[in-house]
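This report concerns only the one structure given below.
Values quoted throughout were computed directly from the atomic coordinates according to the rules given, and no laboratory measurement underlies them. Not measured: the values here are computed from a predicted model. Please note: Cβ atoms are built from the backbone with ideal geometry, for glycine as well, and neighbour counts cover all protein chains shown.
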């Protein structure tokens, strides 16, 4: 066995940084599909995480990882760089440029995507087809941009028209500034003579041999299946609101707009949009809804929650009022 050390990327969120080693260990255990022992080690005043492997090829999934900045093989007090193959189709500024209150930590978003997609049975095949992601509470697009960076087709639903428009404007400006070949249109959505909102449709080609699709609807997440029709996705991945939910302001249930109430109504809709063998990855504030209660909602909707091993070690404190956790659940084949 050979010892390797990982240098973690710094995070703008100090609270998240303090918990990054544990979260990275759980993420790697899921990506590598084996128990991973990460030991803190300090060399020349720099902190690393040490682990052992038979072959550096066994650590290839580190390139997808949310926090691994660099990998080295350790030879006594000397570190020899080991290349990490990155899947990224775009520069990281696609995700880091937007700054706004309430934005989800970029490293956490990448972790959320990684652990969800890894849960699918298709992820274990040698050549899985490129997965498609739906974020039905997409806000200003952090999950969408992160998924796009990782090389996936991305889709979203967002009730807040201002957030929808902000993401469309950012994406258009970014692609033009970076001179990336693309087409992007925002058009009204009408059904039965009624105006339901807007739809963003984009095709982006960062290279001649790579092309990705983005679709985002403005609308109520509980209408997501109606908006997308017969389209199905490999994963539904979202960071649920921590306080007031993104529910509709009208209708018989408009008074109960808690995150728990929204998820109870929306998860069965999202499950309908999953392909067989697809996975739901949901981050939420456990102060508003317990893990057992959320798991029960997914079970009633026809999913199997993964409540074992590293999937149960992804919870962490965001601030005094938010303890965020991740629940991943899989739809039967």
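Mean-square fluctuations from a GNM of the chain, with a 10 angstrom spring cutoff on Cα atoms, peak among 125, 173, 149 at 125. Which shape class applies to region 93-330: rounded if a/c is under 1.5, otherwise prolate when a/b exceeds b/c and oblate if not, where a ≥ b ≥ c are the square roots of the Cα gyration tensor eigenvalues? Rounded shape, in that the Cα axes give a/c under 1.5.
Ranked by the mean number of other Cβ atoms within 10 Å of their residues, highest first, the peptides 187-200, 262-275, 83-96 fall in the order 262-275, 83-96, 187-200. Available extension along the chain between residue 290 and residue 50 is 83.0 nm, counting 0.36 nm per residue and deducting the alpha carbon span. In the chain, the DSSP beta bridges split such that about 75 percent are antiparallel, to the nearest 5. Computed from the C-beta positions of residue 308 and residue 201 and an R0 of 41 Å, the FRET efficiency is 0.55 to the nearest 0.05. Take each peptide in 112-120, 17-25, 42-50, count the other Cβ atoms within 10 Å of every residue, and average; sorted highest first, the result is 112-120, 17-25, 42-50. The protection proxy used here, the mean number of other Cβ atoms lying within 10 Å of each residue, ranks peptides 286-295, 157-166, 68-77 as follows, highest first: 157-166, 286-295, 68-77.
Taking a ≥ b ≥ c as the square roots of the eigenvalues of the alpha-carbon gyration tensor, region 2-82 is classed oblate because a/c is 1.5 or more while a/b is no larger than b/c. The helix-only estimate of mean residue ellipticity at 222 nm for the chain, built from DSSP H runs of length n ≥ 4 each weighted as -39500 (n - 2.57), is -8000 deg cm²/dmol after division by the residue total. Normalised by the number of residues in region 74-153, the mean separation of alpha-carbon contacts (under 8 Å, six or more apart) gives a relative contact order of 45 percent. Contact order, relative form, for the chain: 15 percent (alpha carbon pairs under 8 Å, 6 or more residues apart, mean separation divided by residue count).
Rounded to the nearest 10 degrees, the angle from helix 291-300 to the longest Cα principal axis of the chain is 60 degrees.
Could you tell me the center-to-center distance, by alpha carbons, between region 259-311 and region 96-147 in angstrom? Taking the Cα centre of region 96-147 as reference, the centre of region 259-311 is 16 Å away. Computed extension gain for residue 232 through residue 35, at 0.36 nm per residue and net of the alpha carbon distance, reaches 67.7 nm. Placing pseudo-labels 7 Å out from each Cα toward the beta carbon at residue 77 and residue 194 gives an inter-label distance of 7.3 nm. Length available on full extension from residue 69 to residue 176: 0.36 nm per residue minus the Cα-Cα distance, which gives 35.7 nm.
Taking every C-alpha pair closer than 8 Å and separated by at least 6 residues, the mean separation divided by the residue count of region 2-82 gives a relative contact order of 44 percent.
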